[in-house]
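K.L.:
Quick one: the structure is below, and I'll ask about it shortly.
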Amino acid sequence: MAQQSNNQTTGHVWDDDLQEFTNPLPRWWLWAFYLTIIFSVVYWLMYPAWPLGSSYTKGVNGVNSITYVATTKDGQQVEKTTHWNTRAELMKETNAAAGVQKQWLDQVAATAYGDIAKNPDLMQFVNSAGKTLFADNCAACHQVGGAGHEAGNPQTNQVGFFAPNLADDYWQWGGTYDEISATITGGRTGFMPAKGLAGALTDEQITNVANYVLSLSGEPHDADKAKLGDEIFHNPAEGGCLTCHSADGKGVPSMGGLNLTDKVWQWVDVPGQADAAAKVDVLRAAIIGGFNHVEAMPKWGTRLKPEQIKLLTVYVHDSLGGGK
Amino acid sequence: MGQAQENQTEEHLYQKRIPIFVRSVRGKFRNFKTGVLLLAYIVYFALPWVPWQRASAADQAVLFDLVSRKFFIFNLVVYPQDIIWLAMLLFIAATFLFFVTGLIGRAWCGFFCFQTLWTDMFMFIEHMVQGERPARMRLYKQPWNMEKIFKLGLSHLLMIAVAFWTGFTFAAYYTYAPELLHDLFTGQANQAAYVTVVVLTATTYVAGALAREQICTFICPYARFQGVMYEPDTLVISYDQRRGEGQSGRALPKPGLKTREERQAQGHGDCIDCGFCVQVCPVGIDIRNGLQYQCISCALCIDACDNIMDSVGYPRGLIRYDSERNLESANPHPPRLAWRRLKVLGYAVALSAMIGLLIYNIGTRTDTEVRIEQVRQPLYVKLETGAVRDRYQVHIVNKTEQEVTYQLTVRGIPENALDLGAVTELRVRPGKALKFNVKIDLPPELARDTHEFEFVVTPQIEGAEPIARKASFVGE
């Protein structure tokens, strides 16, 4: 362009010969600059902008305000209108999202347990919403995937805390929808008295009972001792184990008595032991120590809404494990 | 540049745009440009109105449905997961631009760019309403009277009308066009449609009617970096300095300087300094000053010069497509496309490879997408019978336009190892996905020996191929 030919400079000279042209600004640039000034004024009118000591300007009242529904402490729903701010924006978006989710929750609440699991679309919602609910409320003990927490350390004879595995097909407190729902709503407290029901088993008797328990699920054991243990197991005056574990050893779900005849060992890690003697040792430790848990499963009926419990029940029953 | 001088007498705070009054010209490049303009306009403006039978969306041949996140292009349905096609397309567009620029300079800018097309259209409107270049210059200089208000007003009104239809057409690619047209004027269209139409009307009008060549000179990044792709062998629009200037420079055809022989005897070149090449230039430069960054290679100066050369009886091609190397060489040959160059061939290879890949990719797309993920928390559980259970999340995407039922089976392990729970039918709505959990239970011995098996998903539609996906099994 020709404007450089007249060589107008600002008149300053640096470092002997360094000069600055006074070339005009392009008009589009100048207009863009004026536009940014107009923009800043509009912004100031619409959004929080200037700090004023402990407060700030909130824009012109009524311009660009946000109206949302808030829930007060006592559960009342009130409509609020504020100047533009990100928190109100979030509340509005959360309400909208909850509205979308509500349609699905209502559908879960209105559908019978067995029919929810038959509907792949509904199960898709149960899987995603249930995952979050489970992670928020249950995963602390049962782990994210429902694997639970295996108790027991044979070296220290320490029982530790125990949360059943929800991903397998064994259910300590029963695996029907109603039983799982009851477990979540009312909570559960597992209990096993130390040294038998009467608490008076001798060291030898304990060894015999341990061998009998091993025999129930086909683990290596001493047959003679197991035979003696059989009697102690079934004698209410001695072991009295059948009260909770039932006469056939399959357990009474309503009492939380574990099934001793299957391959699932959740509390005592029998399959993990190298030889028969070690297996007997860990079982002995369990019988001697008993099971008296302070960290019982809490009641969720007072914390979660019924439809949330229903959703969790289906999630635990169908998504995690094999409910019955 | 003649008008530029008057601005220089006093100092301004800003650089005013120097108005350019483009003279119209006839010739082969003008015809080509008009042809491209017509074709582009017909395609752009008519495409949203082409009907197409569809099962799951509006009956529009090209519809970019943002709400359902599907792009319908005739029989092709593009889903968000096909975004790689867009990346490929952009790569193709970029390499094609580089390839062409390396060969014949900024052909994109001069003939195909929408900025050029719309500016051309708006100049045509000006020409139609206000007349040829001298009439427009007179109108520009005369004070505001009825004639000026009417003519300028009418031409800008027409330009705004074209800009509006341009904006509307753009929006029509995203909604069912007849419905949008109705809703737009009855106030029922959604906010996004209004914003799109208004913004595009405004930008089209500003860019095509007001800013024009400033877009190419100051704003467009392509315009600035395309110079990098020029090589000495690139064909660019050039003024033949040697032939035009001779030893004594260009000269007007005054008496005694009319025939070629007379001019050559006095050392003058063929350029008769008529200024036509400057008057037809849409960016207002003088091509005789050599290659300039403002030049968009529209070739209209070639048409202008050829017409003049014809009328004075000199050979054509004083301004022509030629390479820098050829122009500078001692014995130039007729201009020719020099494509045997590493850069050009490299672009060609990259271009054809990517086009091939894109065609292959689109050609081999499937109607069903299947993903299998193993649940890793826990990796496996032991069941009461001693069997081992692994759990998997199956993800099926139905990319057809009708509802499809799928059958899920396993291969490599017993059929009954698969447990779908209570689900009896896997039905997926058109364009939707379904994610569900399945369990695989294997007896202890088999679990120990099984490390891999296959899930097989069979769409229950005629001629559909089963889709197999490998999955690993973990047991102890």
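K.L.:
Within the group B:Gly412, B:Gly386, which residue is small (Gly, Ala, Ser) and either in contact with a Leu (Cβ under 9 Å, 6 or more places away or on another chain) or open to solvent by less than 20 Å² (accessible area, probe 1.4 Å) (or both)?
P.N.:
Every option except B:Gly386 fails the conditions.
K.L.:
Another question, if that's okay. Quick one: what pairs do we get from the range A:70-88, first residue in a strand (DSSP E or B), second loosely packed, with under 11 Cβ neighbours inside 10 Å and at pLDDT below 90, C-beta under 9 Å, 6+ apart or different chains?
P.N.:
Listed pairs, sorted by first residue: A:Ala70/A:Gln77; A:Thr71/A:Gln77; A:Val78/A:Thr72; A:Thr81/A:Gly62.
K.L.:
Next question. Among (1) touching a residue at least 24 places away in the same chain (Cβ under 8 Å); (2) buried (at least 20 other Cβ atoms within 10 Å of the Cβ); (3) of a type outside the set (A, V, I, L, M, F, W, C), which single condition is A:His245 missing?
P.N.:
(1)
K.L.:
Would you pick out the residues in the range A:61-95 that are open to solvent by 60 Å² or more (accessible area, probe 1.4 Å), under 30 Å from A:Ser181 (Cα atoms) and more than 24 Å from the chain's Cα centre (by Cα)?
P.N.:
Selection gives A:Thr71, A:Lys73, A:Asp74, A:Gln76, A:Gln77.
K.L.:
Is the range B:150-172 home to any residue that is open to solvent by less than 40 Å² (accessible area, probe 1.4 Å), in a helix (DSSP H, G or I) and among the charged types (D, E, K, R)?
P.N.:
Filtering the range B:150-172 down to residues open to solvent by less than 40 Å² (accessible area, probe 1.4 Å) leaves B:153, B:155, B:159, B:162-163, B:166-169, B:171-172.
Within this subset, residues satisfying the condition of being in a helix (DSSP H, G or I) are B:153, B:155, B:159, B:162-163, B:166-169, B:171-172.
Still in the running and among the charged types (D, E, K, R): none.
Within the range B:150-172, not a single residue is open to solvent by less than 40 Å² (accessible area, probe 1.4 Å), in a helix (DSSP H, G or I) and among the charged types (D, E, K, R).
K.L.:
For the range B:437-452, how many residues meet the condition of being within 11 Å of another protein chain (Cβ to nearest Cβ), over 53 Å from the mean Cα position of the chain (by Cα) and either part of a strand (DSSP E or B) or hydroxyl-bearing (Ser, Thr, Tyr) (or both)?
P.N.:
Residues in the range B:437-452 being within 11 Å of another protein chain (Cβ to nearest Cβ), over 53 Å from the mean Cα position of the chain (by Cα) and either part of a strand (DSSP E or B) or hydroxyl-bearing (Ser, Thr, Tyr) (or both): 1 in total.
K.L.:
Also, I was wondering about something else. With the structure loaded, tell me whether B:Ala422 is small (Gly, Ala, Ser), within 12 Å of another protein chain (Cβ to nearest Cβ) and closer than 30 Å to B:Asn75 by Cα or whether it fails that test.
P.N.:
It is false that B:Ala422 is small (Gly, Ala, Ser), within 12 Å of another protein chain (Cβ to nearest Cβ) and closer than 30 Å to B:Asn75 by Cα.
K.L.:
Now for a separate question. Kindly establish whether B:Ile92 is under 30 Å from B:Val397 (Cβ atoms), loosely packed, with under 15 Cβ neighbours inside 10 Å and among the aliphatic types (A, V, I, L, M).
P.N.:
On the way: under 30 Å from B:Val397 (Cβ atoms): yes; loosely packed, with under 15 Cβ neighbours inside 10 Å: no; among the aliphatic types (A, V, I, L, M): yes.
Here the answer is no, as B:Ile92 does not meet what is asked.
K.L.:
If a residue must be outside any loop (DSSP other than H, G, I, E, B), within 14 Å of chain B (Cβ to nearest Cβ), among the hydrophobic types (A, V, I, L, M, F, W, C) and touching a helix residue (DSSP H, G or I) at 6+ places or on another chain (Cβ under 9 Å), how many such residues does the range A:103-145 contain?
P.N.:
So the answer is 8.
K.L.:
I'd like to verify a number: residues in the range B:389-408 that are touching a Leu at 6+ places or on another chain (Cβ under 7 Å) and open to solvent by 20 Å² or more (accessible area, probe 1.4 Å), how many?
P.N.:
1
Residue-wise test of (1) without any contact (Cβ under 8 Å) to a residue 12 or more places away in the chain; (2) aliphatic (A, V, I, L, M).
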{"residue": "B:Lys16", "(1), (2)": "yes, no"}
{"residue": "B:Phe21", "(1), (2)": "no, no"}
{"residue": "B:Phe32", "(1), (2)": "no, no"}
{"residue": "B:Met88", "(1), (2)": "no, yes"}
{"residue": "B:Phe99", "(1), (2)": "no, no"}
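K.L.:
Got a number for residues in the range B:381-400 being touching a residue at least 12 places away in the same chain (Cβ under 8 Å), at the interface with another protein chain (Cβ under 9 Å from one of its Cβ atoms) and assigned to a loop (DSSP other than H, G, I, E, B)?
P.N.:
4
K.L.:
State whether the residues of the range A:182-204 include one that is farther than 25 Å from A:Val314 by Cβ and among the β-branched types (Val, Ile, Thr).
P.N.:
yes
K.L.:
Among all residue pairs at least 6 apart or on different chains, which show Cβ distances below 7 Å where the first residue, located in the range B:209-231, is under 30 Å from B:Leu154 (Cβ atoms) and open to solvent by less than 50 Å² (accessible area, probe 1.4 Å) and the second is hydroxyl-bearing (Ser, Thr, Tyr) and assigned to a helix (DSSP H, G or I)?
P.N.:
Close Cβ pairs satisfying both conditions: B:Arg212/B:Thr119.
K.L.:
Would you mind telling me which numbered condition in (1) touching a residue at least 24 places away in the same chain (Cβ under 8 Å); (2) part of a loop (DSSP other than H, G, I, E, B) B:Ala422 fails?
P.N.:
Unmet for B:Ala422, out of (1) touching a residue at least 24 places away in the same chain (Cβ under 8 Å); (2) part of a loop (DSSP other than H, G, I, E, B): (1).
K.L.:
Continuing with this model, one more query. Tell me, which residue of the range A:255-312 that is of a type in the set (Lys, Arg) and over 21 Å from the mean Cα position of the chain (by Cα) is farthest from A:Phe233 (Cα to Cα)?
P.N.:
It comes out as A:Lys263.
K.L.:
Additional query: Counting only residues that are more than 27 Å from B:Arg17 (Cβ to Cβ) and among the small types (Gly, Ala, Ser), which one in the range A:13-54 is nearest to the other protein chains (Cβ to nearest Cβ)?
P.N.:
A:Ala49
K.L.:
Anything in the range B:286-328 that is of a type in the set (A, V, I, L, M), under 27 Å from the mean Cα position of the chain (by Cα) and within 16 Å of B:Gly244 (Cβ to Cβ)? List them, or say none. First the steps, then the outcome.
P.N.:
Kept after step one, since they are of a type in the set (A, V, I, L, M), are these residues of the range B:286-328: B:287, B:291, B:296, B:299-300, B:302, B:304, B:308-309, B:312, B:318-319, B:327.
Checking the rest, the ones that are also under 27 Å from the mean Cα position of the chain (by Cα) come to B:291, B:296, B:299-300, B:302.
Within the range B:286-328, B:Leu291, B:Ile302 meet the criteria.
K.L.:
Moving on to the next point. Could you tell me which residue of the range A:107-146 is farthest from B:Tyr380 (Cα to Cα), considering only residues that are open to solvent by less than 20 Å² (accessible area, probe 1.4 Å) and among the β-branched types (Val, Ile, Thr)?
P.N.:
Top of the filtered list is A:Val108.
K.L.:
I would also like to ask the following. Only one of A:Asp275, A:Asp230, A:Asp269, A:Asp281 is over 17 Å from A:Gly175 (Cβ atoms), open to solvent by 20 Å² or more (accessible area, probe 1.4 Å), out of contact with any Lys or Arg (no Cβ under 9 Å at 6 or more places or on another chain) and within 14 Å of another protein chain (Cβ to nearest Cβ); which? If you could, list the steps in order and put the result at the bottom.
P.N.:
Numbers: A:Asp275 fails: within 14 Å of another protein chain (Cβ to nearest Cβ); A:Asp230 fails: within 14 Å of another protein chain (Cβ to nearest Cβ); A:Asp281 fails: within 14 Å of another protein chain (Cβ to nearest Cβ).
Criteria check complete, one pass: A:Asp269.
K.L.:
Now for a separate question. Restricting to strands (runs of 3 or more DSSP E) lying wholly in the range B:28-121: which have 1 or more residues that are within 24 Å of B:Ser352 (Cα to Cα)?
P.N.:
By residue number, B:70-73, B:76-78.
K.L.:
Under the condition of being of a type in the set (Phe, Trp, Tyr), under 30 Å from B:Tyr174 (Cβ atoms) and more than 19 Å from the chain's Cα centre (by Cα), which residue from the range B:12-69 is nearest to the other protein chains (Cβ to nearest Cβ)? Write out each step before concluding.
P.N.:
Within the range B:12-69, the subset of a type in the set (Phe, Trp, Tyr) is B:14, B:21, B:29, B:32, B:41, B:44-45, B:49, B:52, B:64.
Filter again for under 30 Å from B:Tyr174 (Cβ atoms), leaving B:41, B:44-45, B:49, B:52, B:64.
Checking which are more than 19 Å from the chain's Cα centre (by Cα) leaves us with B:49, B:52.
Details: B:Trp49: 35, B:Trp52: 29 Å.
Checked the range B:12-69; the qualifying residue nearest to the other protein chains (Cβ to nearest Cβ) is B:Trp52.
K.L.:
Can you say whether A:Ala286 is more than 14 Å from chain B (Cβ to nearest Cβ), more than 23 Å from A:Ala163 (Cα to Cα), among the aliphatic types (A, V, I, L, M) and assigned to a helix (DSSP H, G or I), as far as the supplied structure shows? Walk me through it before giving the result.
P.N.:
Details: more than 14 Å from chain B (Cβ to nearest Cβ): yes; more than 23 Å from A:Ala163 (Cα to Cα): no; among the aliphatic types (A, V, I, L, M): yes; assigned to a helix (DSSP H, G or I): yes.
No, not satisfied.
K.L.:
Of the numbered conditions (1) within 23 Å of B:Val283 (Cα to Cα); (2) surrounded by fewer than 18 Cβ atoms within 10 Å (Cβ to Cβ), B:Phe122 satisfies every one except a single condition; which is it?
P.N.:
Exception for B:Phe122: condition (2).
The values are calculated or read from the model by the stated rules, or taken from the named source; none is laboratory data. If you're wondering where the values come from, they're calculated on a predicted model, not measured in any experiment. Positions of Cβ are backbone-derived with ideal geometry, glycine not excepted, and every protein chain shown enters the neighbour counts. Side chains included, ligands, DNA and RNA excluded: accessible areas come from the protein's heavy atoms. Shrake-Rupley method; radii C 1.70, N 1.55, O 1.52, S 1.80 Å.
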